[in-house]
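Q: After the structure tokens below, expect a handful of questions from me.
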Amino acid sequence: MADPRYIAGKKPHPRERRMIFRNVDRSGWDASIATYRKDGGYRELKKALKMKPAAVTDEVKASGLRGRGGAGFPTGVKWGFIPPDNNKPIYLICNADESEPGTFKDRYIIHQDPHQLLEGILISSYAVGAKVAYIYIREEFPEGAVILERAIEEARTAKLLGKKILGTDFECEIYIHRGAGAYICGEETGLIESLEGKRPYPRIKPPYFPAVLGLYMCPTIVNNVESLCHVKHVMAMGGKKYAQLGTPRNTGTRILCVSGDVQKPGYFEIEVGKLTMGELIEDLCGGMKKGRKLKAVIPGGSSAKVLRAGETYTIRDGDKEKTIGLPDIPMDFDSLAACGSMAGSGGVIVMDDSRDMTWVLNNINTFYAHESCGQCTPCREGSLWMKKITDRMLSGGGVPSDVETLVSVGNNIAGRTICAFGEACAWPTQSFVAKFPEEFKKHTSRRNIGKALNPETKTASAGLGD
Amino acid sequence: MEVPKELEKEADDFICHYPQEEKGSASLPLLHLLQREFGYISDDAISWVAEKLGTEPIKILELVTFYPGFRQKAPGKYHIRVCRTLSCAMAGCHQTMEKICELAGIDRSNVSHHDPIAISTDGKFSIEFAECLASCGTGPVCLVGDDFHEEVKPENTEQLLQQYK
Amino acid sequence: MVASKDSGENLVSVQVDDHWISVPRGTRMIEACKQAAAEVPHYCYHPKLTSPGNCRMCLVEMGMPPRPSPGEEPELDADGHAKINWMPRPVIACANTVVDGMGIRTQSLLAKECRQGVMEFLLINHPLDCPICDQAGECTLQEYSVEHGNGQSRFLESKVKKPKNVEIGPRIRLDDERCVLCSRCVRFSKEVVDDDVFGFVDRGSHSVLTVHPDRKLENNYSLNTVDICPVGALTSNDFRFKMRVWFMRETKSLCTGCARGCNTVVGSREGKIYRQSPRENNDVNSAWMCDTGRMEYHQLENPARLTEPMIKRGKKHRTVDWPEAICRAARDLTKFKGEQLAIIASGRMTNEELYLTRTLAESLQPGVVDIVKREGEGDDYLSHCDKNPNVNGARKVLKIRSPGSKLKSIRKRIVEDKIKALLVIGEDLIDCGFTEGELSSLQCLVSSHIIANPTAKMSHVVLPGAGYAEKRGSMINATGRLQRLNKAIDPPGQSREDWEILHELNRAVDGCDGVTELADVFTQMASTLSIFKGLSLSRIGDLGVDVMDTGETVPLLEREARRVSEGLIVG
Amino acid sequence: MPIVVQRPRLTIAEKCYFPAIMKGLRITLGHAIRILLRKKKVTMQYPEAKWDDHLPEHYRGAPALVTDEHDRERCVSCQLCEFICPPRAITIIPEEIPAGDEWQKVEKRPKIFDIDMIRCIYCGMCEEVCPEQAIFLRKDYAITGVSREEMVHDKKKLYEIGGRREGLVNKWNELK
């Protein structure tokens, strides 16, 4: 494989290490199977089919690959949860319901390199023993669904799908299932319910762990698009070699999506942990906008806790503890968790000093109030309550007790809901209020009561969950 | 409601994607088909899907009202969905929204949670805010029908609307 | 461990609020807490339905014994139990099952905070209309808000508006603002009566319970959803705004609508019944009953109720006092013997009444004794096709082999003028195919009814009886269970409990029957009939006892047992 | 838990009661002298003369129903007054406000609301318990009649006595 050439102006940054995004923005590249095969596509599938399924799983386990959807759970371990004595059909679901605000990596994989995803799905299906795989793609990607549909047709024609794949006994079908605009379908049990044609109410765990009682109450593996693509590269490199990428507990590469107030927002595939927040913002994104200073960063999609410029964190470096600032945080799962936030889905949202944090929180709260499925009490009632409080603050009706109420509502949601959405909607409130108390006080001080501090609020909330 | 033969055939193909006893799984695909055909999901469409899948109509109504992707009233000829989530909001989606409404002659003062869509007086455009469209690096973004548009700053809106005649 | 020594194979030790108890393996945490007298508040959990865990009210603190590494001995506390590692996150008690050595804290700070938080969330959008709401007084939202609520609201925003006063079926009204979205009604309709008509529309805080406009909630079990609704979201049109629950006296009784004999609670105040709802009995009706049965009590309010004994003079009835009526009836009946006399009793009578009819028959020596058969439509749930509540009683006490088989011959012999006198208890013969001509040819027709009917009109002596909720007694249902009927209200006017009427008749005919109160009748019955051996009216208890094996099963109970064995429900 | 109250220790003066008796006599004497000097009138020529103008705001006369400023019935017939009434003087039969009625939102109102003034003891519990501020004890105290029936105040009569009382009530409050 020759080193790819890229479209002018879209050349990857030298600090990047492109695996998943190798073919994104590549000149002369298209989404067809011919192009993909010319570049060595489906070779890894062939390689995997020569191995025992368990051996493939072992490779993935050895690679230390962690799920790229948000929780960072080791993929190989997840596969291992399927009961060994199972005699029901096994399903694999590709979670292409990328809806965490700030994350936009799946779009490029699906649009520009759909066969990479299909190959990843086929290898994974082989490993877990699934004969049917569904790609649950969000409704907001209509074009992506068409491209994947076409890719599946091509793969079928090329006998890479159906029975006797590549002349072996392995059989597998991949179907596209389009969502209809619900963030909660990114939660795996919510997604499964949605796929079953029900309201996507997440299931209680226990007893409904997908690997045991998943789709149609059969063992089901749900993996993110990026994670499944990584499987292909794990096969290509071998698990041990793959594990050498990145840092020991945070292996491989991952795609960071940067948006917000930086010069050059975009996507960057880096080795996990080999880049710090400061380098990401300054080197890869060209720094903050002119004349503006960094104020805050949400490092892993909108539900991750916000990090404030100027804060210091204590993280472990081997046996030692060290104190670092925001720009020094390595972009990996464990370091970000140690700093009180999370790597999540890799969506980095950067905010400069022109941003009103109450306004930002209100925007996030509006999102979560709109996306709460309404199944369980704390999230259903609390998400809208938090939004209403920030709405009122912005329109000049804040009262001093609001700050305390906001935090306590958040505390009453986090950890007490059926699914992780509870945390997702509570963490922004908890962290924003804790880290920018002066901004919230500004909206609730008696001096400012009655003054609508942000004229955008009206448009911002109109029509969404009032 | 008259469902064309080809559409019914397409629906049957979708149903085959799921195990025989789990026909309910095809609810979303079927609703997508009907919305593509008729522009929105009517009461008849709900009954049709329920009958086709052998389920209660309420179970389909549950889905239609849950997912913002389904509309229960006819949109304009071109339906615009402007992303309003954080990155796009920071990039100025609210100004974009205002500008589009101004150019297309849409009054959004009456939209509510239950009726988020506003239609232009000439019926050509309809608009609503959507949650994250997952292209946060190139905001503000919007979908016009199935077409995706990036960096729709207020100054680009006129050009955008002109593409739809 | 000490606990595992004395606990059997299928018992596990669980610590609830610092006390160790033993419960069967697979018990839900919430049930274990209940056994330890630490009631955990809940809304969505119902033992007869699956647990979705959506209300989050039953959050408790949970801890597990640590998993010791191989070869290592677990650290023990003073009681000899392994030390519990408490988890930082609360868990729901309704859907999780206990494991050996588990610890549950229902009163810890975390558990209390969780409850308080959930309570606040449930109340912020709930309307403050308890004065109007029928659920007030038996509303768990009210009860728990007193116990676990904040006392004051921090909610400064406007509440979410939802549909109110929605007609979702012929018998039920829905108020969505009161709904806490616990989904009990949804699950009941789907899981128990296979009528999946409920659903939630919209989402998030705007979620609304509803039915499809073309598919109403009209199955015959719909009112059970009102019972299990923990708040006042679903109200019964029949009971709506009629009476506040705290005024009502509750009487444990039976439904006499069919041979199932569903256990009920009758709510009454000052001589008027306001509602009848099911009472849990896992051998008869689980926790449910049909709508038809619930409405049975309305027959007692019939404006045509007979309230005074009457004697026919010429073509007209005139009211008389009881002694006169009884005396006349006894005198007339004793004129006839054997072939000339027939008794038609009813499958709606209690065992005691049937027994007194039997003793009466022993004195009067009638040629025929029969009851009227009452066949109707049954279903696959509870409703039985035999609409007589006590046919098995009639079989055992009156020794009737084939109910209703002799009516035809009675008619024939009336026409042939062989039967000249008839004693009818609780049945309208015109309804059973007798003609007015036939009845008018009788020389003596004595009948007892609760509502005026053509038979009463033809009778020479009319004795007003009591409806099922106005008397006591026992009945045997379709599956052979002996159960007790209790008196909720007094019979209206001069009308009397039927056993008293029969007792008086017996005395008038025979002089003495050794009975002073109802319990005596049962005692006599128990000494005569082997199936009642060793029993007394009080010993029957609230839930009844099995006295016969009829070979019949209850379809609904069988399905319930299956779901219990699959671990889907607690049962 | 029982609370033990300590008996106060009395002084000798207190134990012999004499100063207290003297104190009482002094007060009585004072009143007597003032009346003799016609400084204060204590007897009123009822019913020619009445106390009506001097009745305090919290006077507990006949209980009555009130309407709000829009002449809307405040009572929702929750029957709490009926429940609390110590002599059981109140009888309420509720009814549903029929569809199409202007105030249908409230859904429920009393069909019959009777207060038996022969039984009423003017305790004011009904006023205190009312969650909708619909029943108040008014200043009417001379309730008379020539038959038992006349002494039962029905809904019409109760509104007549009660009149109007302003202020927001829960059931009309959109926020509640």
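The values are calculated or read from the model by the stated rules, or taken from the named source; none is laboratory data. Predicted model only: the values in this text are computed from it and were never measured. Please note: Cβ atoms are built from the backbone with ideal geometry, for glycine as well, and neighbour counts cover all protein chains shown. Ligands, DNA and RNA are stripped out before the accessible areas are found, and what is left, the full protein with its side chains, is counted by its heavy atoms. Shrake-Rupley method; radii C 1.70, N 1.55, O 1.52, S 1.80 Å.
Q: Suppose we compare each residue of region A:344-363 in its chain alone and in the full protein complex with a 1.4 Å probe; which ones drop by at least 20 Å² of accessible area?
A: Listed in order, they are A:Ile349, A:Arg355, A:Trp359, A:Asn363.
Q: When the accessible area of region D:22-157 is computed with all protein chains present and a 1.4 Å probe, what percentage of it is carbon and sulfur?
A: Of all accessible area on region D:22-157, carbon and sulfur atoms account for 55 percent.
Q: Whenever you get a sec, line up C:Met248, C:Met295, C:Met29 from highest to lowest accessible area (probe 1.4 Å, protein heavy atoms).
A: Order by accessible area, largest first: C:Met295, C:Met248, C:Met29.
Q: Kindly report, to the nearest 10 Å², the accessible surface of C:Ser530 as traced by a 1.4 Å probe over protein heavy atoms only.
A: Taking all protein chains as shown, C:Ser530 has close to 90 Å².
Q: Further, regarding this structure: Helix-only mean residue ellipticity at 222 nm, chain B, DSSP H runs n ≥ 4 weighted -39,500 (n - 2.57), per residue, nearest 500. What is it?
A: Helices in chain B give a 222 nm mean residue ellipticity of -11500 deg cm²/dmol.
Q: Do you know which residues of region C:112-146 lose at least 50 square angstrom of accessible area in the protein assembly compared with their chain on its own, with a 1.4 angstrom probe?
A: Those residues are C:Phe121, C:Leu128, C:Pro131, C:Ile132.
Q: Quick check: the distance between the Cα centres of region C:336-359 and region B:10-47, to the nearest angstrom?
A: 65
Q: Need one word for region C:346-440: rounded, prolate or oblate. Basis is the Cα gyration tensor (sqrt eigenvalues a ≥ b ≥ c); a/c below 1.5 gives rounded, then a/b vs b/c decides.
A: It is oblate, given that a/c is not under 1.5 and a/b is not larger than b/c.
Q: Can you give the accessible area of C:Cys385, probe radius 1.4 Å, in Å² rounded to 10?
A: 60
Q: When the accessible area of chain A is computed with all protein chains present and a 1.4 Å probe, what percentage of it is carbon and sulfur?
A: With neighbouring chains kept in place, the figure for chain A is 53 percent.
Q: Right, something else. How much accessible area is lost when chains B and C come together, counting both sides, with a 1.4 Å probe, in Å² rounded to the nearest 100?
A: 1300
Q: Within a 10 angstrom radius of each residue's Cβ in C:215-221, how many Cβ atoms of other chains show up on average? Whole number is fine.
A: Whole-number average of other-chain Cβ neighbours for C:215-221 is 1.
Q: A follow-up question, please. Counting other Cβ atoms within 10 Å, which GluC sites (Glu not before Pro) in region D:44-94 have at most 14 and lie in a DSSP loop?
A: For GluC sites (Glu not before Pro) across region D:44-94 that sit outside H, G, I, E and B with at most 14 neighbouring Cβ atoms in 10 Å, the list reads D:Glu48, D:Glu57, D:Glu69.
Q: How much accessible area per residue does region B:78-162 have, counting only protein heavy atoms and a probe of 1.4 Å, in square angstrom?
A: Using a 1.4 Å probe on heavy atoms only, each residue of region B:78-162 averages 36 Å².
Q: So, in Å, what gap is there between the alpha-carbon centers of region A:96-158 and region A:1-52?
A: 16
Q: Check the cysteines of chain D one by one and keep only those with no other cysteine Cβ under 4.7 Å from their own.
A: Within chain D, the cysteines lacking a partner Cβ under 4.7 Å are D:Cys16, D:Cys75, D:Cys78, D:Cys85, D:Cys120, D:Cys123, D:Cys130.
Q: Along the charge dipole of region D:63-172, pointing to its positive end and built from +1/-1 on Cβ of Lys, Arg, Asp and Glu, which listed residue (D:Ile93, D:Leu65, D:Phe83) has its Cα farthest out?
A: Of the candidates, D:Phe83 comes out farthest on the positive side.
Q: On average, how much accessible surface per residue is there in region D:41-87, in Å², for a 1.4 Å probe, leaving out ligands, DNA and RNA?
A: Per residue, region D:41-87 has an accessible area of 61 Å².
Q: With each run of n ≥ 4 DSSP H residues scored as -39500 (n - 2.57), what mean residue ellipticity at 222 nm is computed for chain A after dividing by its residue count and rounding to the nearest 500 deg cm²/dmol?
A: The helix-only estimate for chain A comes to -11000 deg cm²/dmol at 222 nm.
Q: Sticking with this one: Compute the accessible area of each residue in region A:373-396 twice, once for its chain alone and once with every protein chain present, using a 1.4 Å probe on heavy atoms, and list those whose area falls by at least 50 Å².
A: Going by heavy-atom accessible area, the residues of region A:373-396 that drop by at least 50 Å² are A:Thr377, A:Arg380, A:Glu381, A:Trp385, A:Lys388.
Q: Another one. Per DSSP H run of n ≥ 4, the term is -39500 (n - 2.57); total these for chain C, divide by its residue number, and report the mean residue ellipticity at 222 nm rounded to 500 deg cm²/dmol.
A: Value at 222 nm, helices only: -7000 deg cm²/dmol.
Q: Also, I was wondering about something else. In whole angstrom, note down how far apart the Cα centers of region C:62-89 and region A:202-252 are.
A: Taking the Cα centre of region A:202-252 as reference, the centre of region C:62-89 is 31 Å away.
Q: Let me know the charge dipole size of the protein assembly as shown about its Cα centre in debye, to the nearest 20, where only the beta-carbon of Lys, Arg (+1) and Asp, Glu (-1) is charged.
A: It comes to approximately 2180 debye.
Q: Here's something else I'd like to know. In Å², rounded to the nearest 100, what is the total accessible surface buried by chains B and A against each other with a 1.4 Å probe?
A: For B against A, buried area totals roughly 4300 Å².
Q: What is the antiparallel percent of DSSP beta bridges lying wholly in chain C, to the nearest 5?
A: Of the beta bridges lying entirely in chain C, close to 70 percent run antiparallel.
Q: Let me ask something else. What percent does the relative contact order of region C:448-539 come to when contacts are Cα pairs within less than 8 Å and at least six residues apart?
A: Once normalised by length, the contact order is 20 percent.
Q: Calculate how many DSSP beta bridges within region C:310-546 are antiparallel, expressed in % of all such bridges and rounded to the nearest 5.
A: Around 40 percent antiparallel, to the nearest 5.
Q: Also, I was wondering about something else. Please go through region B:64-110 and write out the trypsin sites (Lys or Arg not before Pro) that DSSP classes as loop and that have at most 11 other C-beta atoms within 10 Å.
A: Of the trypsin sites (Lys or Arg not before Pro), not one in the loops of region B:64-110 has a Cβ with at most 11 other Cβ atoms within 10 Å.
Q: Counting DSSP beta bridges with both partners in the protein assembly as shown, what percentage is antiparallel, nearest 5?
A: 65
Q: Hey, what's chain A come to in accessible area per residue, 1.4 Å probe, Å²?
A: 34
Q: Provide a whole-number value for the mean count of partner chain Cβ atoms within 10 Å of the Cβ atoms in peptide B:23-35.
A: Mean partner-chain Cβ count within 10 Å for B:23-35: 4.
Q: Using a 1.4 Å probe on protein heavy atoms only, how many Å² of accessible area do C and D hide from each other, summed over both chains and rounded to 100?
A: Roughly 1700 Å².
Q: How many percent of the accessible area of region C:71-159 is carbon or sulfur, using a 1.4 Å probe?
A: 52
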